[in-house]
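Quick notes on the structure that follows.
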Amino acid sequence: HEGPVWQVAWAHPMYGNILASCSYDRKVIVWKEESGTWEKTYEYTGHDSSVNSVCWAPHDYGLILACGSSDGAISLLSYTGDGQWEVKKISNAHTIGCNAVSWAPAVVPGSLIEQPSGQKPNYIKRFASGGCDNLVKIWKEEDGQWKEEQKLEAHSDWVRDVAWAPSIGLPTSTIASCSQDGRVFIWSCDDASGNSWSPKLLHKFNDVVWHVSWSITANILAVSGGDNKVTLWKESVDGLWACISDVNKGQGGVSAAAEGQQRQ
Amino acid sequence: MKLKEVDRTAMQAWSPAQQHPIYLATGTSAQQLDATFSTSASLEIFELDLADPSLDMKSCATFSSSHRYHKLLWGPHSMASAERVSGVLLAGGENGSVILYDPAKIIAGDKEVILAQKDKHTGPVRALDVNMFQTNLVASGANESEIYIWDLNNFATPMTPGAKTQPLEDVSCLAWNRQVQHILASASPSGRATVWDLRKNEPIIKVSDHNNRMHCSGLAWHPDVATQMVLASEDDRLPVIQMWDLRFASSPLRVLESHTRGVLAIAWSMADSELLLSCGKDAKILCSNPNTGEVLYELPTNTQWCFDIQWCPRNPSVLSAASFDGRISVYSIMGGSMDGLRQKQADQLSSSFGNLDPFGTGQPLPPLQLPQQAAPQSMVLPLKKPPKWIRRPVGASFSFGGKLVTFENPKAQQPGLEQQQCHLVYVSQVVTEKEFLARSNQLQEAVQSEGFVSYCQEKVDMAQTDFEKNVWAFLKVNFEEDSRGKYLELLGYRKDELKKKISSTLKKNLLADGDLGEAPAGSDEAVLNDGDKGLATEEQLLGEGLKDHKKETEDLGPAKKTFNISVSGDVDGLLSQALLTGDFEGAVELCLYDNRMADAIILAIAGGRDLLARTQRKYFAQMQSKITRLITAVVMKNWKEIVQSCDLQNWREALAAVLTYARPDEFAALCDLLGSRLESEGDSLLQTQACLCYICAGNVEKLVACWTKAQDGNSPLALQDLIEKVVILRRAVQLTQAVDPNAVGALLAEKMSQYANLLAAQGSIAAALTFLPANTNQPNIVLLRDRLCRAQEELPGAQQPLKAATERQPVPKGRAGPGAGQLQGTQPPAQQYYQQVRIAPTVTTWSNKTPTALPSHPSAGCPSDTQGDNPPPAGFIVPAALSPAVPAQQAPASGYSLYSQAGARPAYPQRPQNGWNDPPALNRAAKKKVPDNFQPPVPITSPIMNPLADAQCPLQQPAAPAPLLGTPGFQPPQLLPGPPGQGGFSPAAQPPGPCILPPAASKPSTEGAPGAPIGNAIQHVQALPTEKITKKPIPEEHLVLKTTFEALIQRCLLSASDPQTKRKLDDANKRLEFLYDKLREQTLSPAILSGLHSMVKSIEGRNYQEGLNIHTHIVSTSNFSETSAFMPVLKVVLTQANKLGV
């Protein structure tokens, strides 16, 4: 890369050791480890501005990478075999910039909890994106085309990050979004069609919130803000979100000990 | 990239950062005339709607003004207090006027939008600035060096910053300092800038270039450094931007000379102090880093000059520029393609035509070539350096196993120093469920230490509810002797107490009887009661009296006296007659008819079994008391009836009855049945009680189902509650019933994987692995296992052997099978092999050892595997039918090399027992990972293979007996997973050497894989000569065990006819070696030893049934891991001996 690298993402190990990186230099590079050395297997230069976010789709879909760029577009790179990648581009997904993309967990329509084994499930592919137009958008693939399914409006400034919560078997979809305006919203959608999203304000911080990240079990949200603080949030039984911890300078955390430190 | 445009020749002002949505106010410019030469003026407000892809700006309001404007400024005054929701819009007018508008009112369309107006200035008001710290303070500048400071709260009279500068000149720019609130700077076209201190009310410094050609058009303070500011010059002869530091005010700190003609306006980004916008008469809009002078970006513009340029305060990448061609354009500094916009227009066009594919493909209309696309400007490069606002200063990401990775950037005190700061990445473990983890640890400790009884007892003591207490007490009983009796006690039936109660009741009765003068019957009564204790017990405990017995005894009592036989015509008489004639059947009928039940029964007993049975049935048909059905069941042994039809409120009694009477083979089923009834029919309270039945039955799966139904299983602690019970019950079931310890039902598997997930999320990766069901193909579990293994930094398949190796290496445990301990130090893996196949370069220390110096005894493991992953190579014949008695033979070297290529593998130590739910023996996963193309450095004597557990084991003698035992740093080769059958072996590379036949080679080895579970047809048999050398003798007192067992097997072998049995016995013979090893090492507990000895005694007495009983006793009382390797084998042998009757 010839500029700062904003994000890297691991592909599912079933595809080997594959890493995607995105950079201010407008490139997306897919790296692969072969016999101990890392090599570039694919370089995508289809963006006109900084590529801010990369996210691999659930492994069930194959190798698909979503990339959000400051040029406002989102690219979807799908590996079609034989070293070939297919590119689909959503132009002007977010005017003046897409800051984050996050895939929905693989869920089969109609059977949100159990799925019959055997036949290949017919997944509905969705992902969420957040951008400088203050919007969170949900995109859905229909007949091989990506369409804007939902536009979630609640933030009053750039959406810095979105994170679709991992599926824990419940028929609820949850997305966390955070913004320049200091607000973190938890969006949830209970119906299978995915049309009725309702926001819940997690907290209004005094500074920019840069990053949100769900724990694997989807019950804890790590929120990192411009005040250099990382806070952990958990939903109580009555649906209220409570801060359970400040992770300050890595030594904090709930009985968390800094296990390792290393230079970036 | 251009985002929006408005065709206005106007001054512009962005709404303040606090304002959402973003507005842009425009006011007709006083300095420029538009193309229409219109003299009308208006104030307009547009909304910046970025969601709208079109270039048009959305007009929100227009206000026809009587003024034209020299300067517009939108301040946040009173926004915080919500008095003015959109702040205050300030305008500098033509005739010395400063006007205050309420933008909210303009947007609302009000007529009265002017808050205040003062015409105090002389000439046009060209300069306005709001104090960032006190937003009510506004500075304004006009002609004749006039500067006023206005307080918006008290607008009537302005202040001055000090005496007017001389000579009098226009004030073209004003700027409040961005760090120190009482510092104001002003600049004039003459090129002089003055810095005022409002506390002192005087100018503190004047900045002036020596050449005096500066013609100030712009002035801006450094956003971060209080003493630095820039001045822009409009003069074409000096088109520069000067950066001054007031501490060195003699000359500019830096001069930016990027423009070729005069600079008309500058704007310094508040979001990133390295971004300074400037526009000039060279028609360029540049973005430079004023700290270095580097031009970072040139906006793609038309050829027109821009006279005003502004950063959007709220959206840091947006700026607006007003140009002389009567247009205000809004740009993004982040680059992006103009094509996008054109594309959009084309899309709109194509969609109007109903054309194909308006979305997503990127090429909606392939035939249409847009004319501009060829132009090089179509793609706009973004800023050379990433703006500060897209750098994430901080971040946190969860990863698998509850790890949280965080980073932060220490806030830079000085710009430019950021690079020197060190950036730290932290990895923290997030633990939210401490209690859960603590309890999970306790459980694991209990499992590992096998301290089930104390664990259960602890749980009983800590139980909060009676039910919980009950459940744990029931579980505990599983690990105790006489479990059924204990179950009964738990249900409230104590045999000894009951006996006391009965006898006291009887005594009372006796006393009563005595009073009635019937004392002589006493002794008989007692006898009777002893004989019929079971029945009596039941009756007593169910609260029924001893009526029946009394009746019987009473009837019996008088019978001893002399009597006369009546033969009259009444019932008695008829009865006597029937008895005298021996017509028992008739007599019984008579008694029944006369309701003399006891007589009937007594007579029926005398009348034979059939009659008794019939009589019983009739009796039960007639009797309707509550107790009858119980008695029926007891007598008829029909427990199913009880269980099926009892009132569910009496489940306790039904369970007790089953516990007392049911045969072992039907016991579990009956408990199950009762449980199912409780579960399906009972209320919620009874449903939970069904759990107790399932515990008695040892039915783990149903326990899980029932528990899940009854309890809220979503919280971690609830799951922990369940798993604790399940784990304990499974261990109990494994001890008492011969079930496959790996059998896991779907529901249990789900719960276990949930549990493992939870553990993993709390960072207990190893624990999660142990709880994960081992033998399931459920994809999510396989995935989780894979992930857990990765989290342990081990490859999934190699994980088990590695664990075994690392844990066992330091001290070879006595428990190890065929020389596992010794092996570790002596395995001489060939270095080249690993270089070919290894994945991670982790093993290095042993690689420089000379292979020939090492003792050579790679084990020739059995290559046969049902998985078929190690098929023997061509030319390799598996001698499946070889009898075990065939002596080991010296094989030709070529044969050996073939063999070793196919399947020779280093022996690997047995896995430790901590994986409690895993089979104790080597499993296939482990096998697969053993290198298959292992090359022995020194030839081996006899490559005899062992296809189906009954073949011979190769016996090899090391060339040099273990000189390097315990080579330091040696790591067992199984760390490295190698795909089976991978090439790389070269027979030629095998060092030639003499084949040495070990002394014991003529005898087939009897070692077996340690602890392989019975039922697993594939036995991985390994024999190692070193082990023979180092084996200790079996202590003399225990030698009898070996001789007896071996003799028994031999006897069985002689009388066994079918090959399958023979094979079983052969296998048993080999696997008993493990027992002998334990005897050699003297690691067995005295209890087990004495049990084994009594077993031997019963074998000597040919009483195999007794032997089996002893066997059961040993298994149920001893440590599972201690006996698991050989007790099943002994059971097989005893069962066979019993069957064959040898």
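The values are calculated or read from the model by the stated rules, or taken from the named source; none is laboratory data. Bear in mind that the values here come from a model prediction, so they are computed numbers and not experimental data. Glycine also receives a Cβ, built like all others from the backbone with ideal geometry; neighbour counts cover every protein chain displayed. Just so you know, the surface numbers come from the protein's heavy atoms only, side chains and all, with ligands and any DNA or RNA stripped out. Shrake-Rupley method; radii C 1.70, N 1.55, O 1.52, S 1.80 Å.
Less than 13 Å Cβ to Cβ from B:His259, Lys/Arg counted +1 and Asp/Glu -1: what total charge do the surrounding residues give? Write out the running numbers ahead of the final one.
Details: positive: B:Arg237, B:Arg261, B:Lys281, B:Lys284; negative: B:Glu234, B:Asp235, B:Asp236, B:Glu257, B:Asp282, B:Glu298.
Around B:His259, the charge tally is -2.
For the B and A pair, go ahead and give the buried accessible area with a 1.4 Å probe, both sides summed, in Å² to 100. Can you show the working numbers first?
Numbers: alone 51480 and 13660 Å², together 59630 Å².
The contact between A and B buries close to 5500 Å².
Relative contact order (percent) for chain A, with alpha-carbon contacts under 8 angstrom and 6 or more residues of separation?
9 percent
At R0 = 41 Å, how high is the FRET efficiency between B:Arg254 and A:Lys151 if r is their beta carbon distance? Nearest 0.05 is fine.
Working: r = 46 Å, r/R0 = 1.12.
E between B:Arg254 and A:Lys151, to the nearest 0.05, is 0.35.
Using a simple charge model, +1 on the beta-carbon of Lys and Arg, -1 on the beta-carbon of Asp and Glu, nothing else, what dipole does the stretch B:30-135 show about its Cα centre, in debye to the nearest 20? Walk me through the numbers on the way to the answer.
Details: 9 positive and 13 negative charges, 86 e Å.
Its charge dipole is roughly 420 debye.
Using 0.36 nm per residue, how much length does the chain from B:Arg199 to B:Asn153 gain when fully extended, once their Cα-Cα distance is taken away? Walk me through the intermediate numbers first.
Working: separation 46, 0.36 × 46 = 16.56 nm, distance 1.93 nm.
Gain in length upon complete extension: 14.6 nm.
Tell me the net charge near B:Pro290. Cut-off is 9 Å between Cβ atoms, B:Pro290 excluded, with +1 for each Lys or Arg and -1 for each Asp or Glu.
Values: positive: B:Arg254; negative: B:Glu274.
Local charge sum for B:Pro290: 0.
B:Gly123's amide H: which non-local residues (gap 5+, or another chain) put their own amide H closer than 5 Å, with H modeled 1.01 Å from N in plane and none for Pro or chain starts?
Counting only residues 5 or more places away or on other chains, the set is B:Gly96.
Given the options A:Pro13, A:Tyr79, A:Cys67, identify the residue whose Cα lies farthest towards the positive end of the charge dipole of the stretch A:1-92 (+1 on Cβ of Lys, Arg; -1 on Cβ of Asp, Glu).
Among A:Pro13, A:Tyr79, A:Cys67, the one farthest towards the positive end of the dipole of the stretch A:1-92 is A:Cys67.
Average partner chain C-beta neighbours within 10 Å, per residue of B:426-438? Before the final figure, lay out the partial values.
On the way: counts 14, 8, 17, 7, 12, 6, 12, 1, 2, 0, 0, 1, 0.
Counting Cβ atoms of other protein chains within 10 Å of each residue's Cβ and averaging gives 6.
Gap in Å between the Cα centre of the stretch B:1091-1116 and the Cα centre of the stretch B:252-306?
So the two Cα centres are separated by 99 Å.
Please give the charge dipole size of the stretch A:1-92, origin at the Cα centre, charges +1 on K and R Cβ atoms and -1 on D and E Cβ atoms. Round to the nearest 20 debye. Don't skip to the end; give the middle numbers.
On the way: 6 positive and 11 negative charges, 37 e Å.
About 180 debye.
Can you give the extra length, in nm with one decimal, that the chain gains between B:Phe133 and B:Ala606 once fully stretched, where that is 0.36 nm per residue apart less the Cα-Cα distance? If you can, show how the numbers build up before the last one.
Values: separation 473, 0.36 × 473 = 170.28 nm, distance 11.55 nm.
This chain segment gains 158.7 nm when fully extended.
Report the dimensions of the stretch B:179-293 along its three principal axes from the alpha-carbon atoms, largest first, rounded to Å.
Projected onto the principal axes, the Cα atoms of the stretch B:179-293 cover 41, 32, 19 Å.
Set the Förster distance to 56 Å, then compute FRET efficiency between B:Ser454 and B:Asp583 from the Cβ-Cβ distance, nearest 0.05. Spell out each step's value before the answer.
Values: r = 65 Å, r/R0 = 1.17.
Plugging the Cβ-Cβ distance into 1/(1 + (r/R0)^6) gives 0.30.
Assuming R0 = 30 Å, can you tell me the calculated FRET efficiency for the pair B:Gln778 and B:Ser715, based on Cβ-Cβ distance, to the nearest 0.05? Intermediate values should be presented prior to the final figure.
Details: r = 23 Å, r/R0 = 0.78.
The calculated FRET efficiency here is 0.80.
Report the Cα centroid-to-centroid distance between the stretch B:423-438 and the stretch B:106-162 in angstrom, as an integer.
What the calculation gives is 56 Å, centre to centre.
Quick one: if you stick a label point 7 Å off each Cα along the C-beta vector at B:Val635 and B:Ser504, how many nm between them?
3.0 nm
Let me know the whole percent of all Cα-Cα pairs from the stretch A:114-249 that are separated by more than 22 Å. Don't jump to the answer; show the numbers that get you there.
Working: 3578 of 9180 pairs.
Counting pairs separated by more than 22 Å, the tail of P(r) holds 39 percent.
For the residue pair B:Lys434 and A:Thr41, what label-to-label distance in nm results when each label sits 7 Å from Cα along the Cα-to-beta-carbon direction?
4.5 nm
Between B:Val225 and B:Ala766, how many nm apart are label points set 7 Å from Cα along the C-beta direction?
Label at B:Val225, label at B:Ala766, 5.6 nm between them.
Residue separation times 0.36 nm, minus the C-alpha to C-alpha distance between B:Gln1050 and B:Arg1063: what's the value? Don't skip to the end; give the middle numbers.
On the way: separation 13, 0.36 × 13 = 4.68 nm, distance 1.22 nm.
That works out to 3.5 nm of additional length.
Over 5 Å intervals from 0, what percent of Cα-Cα pairs in the stretch A:1-92 sits in each interval?
Distribution as computed: 3, 15, 27, 27, 18, 8, 2, 0 percent.
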